[in-house]
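To start, the structure itself, in C-alpha cells.
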Amino acid sequence: MSTTNPSHAPACEHCDDSVPHTHLDVRAVVDGERARARRIAVLELALAAVLLAGATVLAVVRDEPGALWAAVVVAVGWVVATAVGVGVTGVLRARSSDVGALLGGSLTAAAGVPVVAVAVALVVPGGALVAVTAAAAWLGCTAVAELVRARAWRRLLLEPGPAGERARGRAVAGDAPGTARTVLRWTAPGVLVGACVWLVGLVPAVVVVLVPLSVALAVVRARATGAVSG
C-alpha cells in the first residue's frame, strides 16, 4: 500500500519538501495479504461444507447410502493421489528445478483424478447424486489442505529472518500464492471429479480418455498460474 505524505518529507533523510514522494506501508500490505489468505481459505471450506452437507441430506432423504460411500472412497483416493504427487515432487526435485518438480507432482496427482472416479464407479453405481457427492468430497479435502497452506503462509509472513523477508517481498510485489481466481481454480478439479464419476459410471472404458484429458487440463491450469511457460 503506497501513500503520498508530503508532510512526512522533512523526516525523510533521502528527500525534502520539494520532491513529491510515496511511502510504502509494508505492515499494511502484510496485514492485507494475511487477511486475504484467510478469507479465501475460509470461503473455500465453507462452500465445500455446504455442498457436502446438502449432498449428505439428499442421500439420506432419498435413501441412497451409496452416495455416502462415494464420499469415503473419494476422500481415500484424494489422500492417495496427493501422497503420490508429493512423492513424485520429492523425486523430481533432486533431479530438476523446483518448478519442474512441482509441475510433475501436480500432473501426477491430476492423472489420479479419473482413477479415483473408477474406484467410485466400482464401489457405487453411477448417478447424479453420487457424482455431486464425490465432487463435494474432493472439494472438502482440497479446502482443508488449502486452509493448512493458508495458515502456514500467514505465519511465514510474520517470521523474522530471510524466509520471512522473502515472503513479505512476494506480498509487496503482488506475487503471493493465489489470486482472485483462486476459488475458481480450486473449484475446477472438484467439478472434474464429479464429471469423471458420472461418465465412468455410464461408460467405464471412458477412463482411457479421461486420464490424458485430466493431465492436459492440469497443464492448462499451470500455464494460467504461470507455473509453466510455452
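The values are calculated or read from the model by the stated rules, or taken from the named source; none is laboratory data. Note that the coordinates shown come from a computational prediction; the quantities given were computed from them, not determined experimentally. So basically every Cβ, Gly included, is an ideal-geometry build from the backbone, and we count neighbours across all protein chains shown. We work out accessible area using only protein heavy atoms, side chains counted, and drop any ligands, DNA or RNA first. Shrake-Rupley method; radii C 1.70, N 1.55, O 1.52, S 1.80 Å.
Looking at the stretch 44-134, the accessible area is 50 square angstrom per residue; that uses a 1.4 Å probe and ignores ligands, DNA and RNA. For the pair residue 69 and residue 152, label points projected 7 Å from Cα toward Cβ lie 3.5 nm apart.
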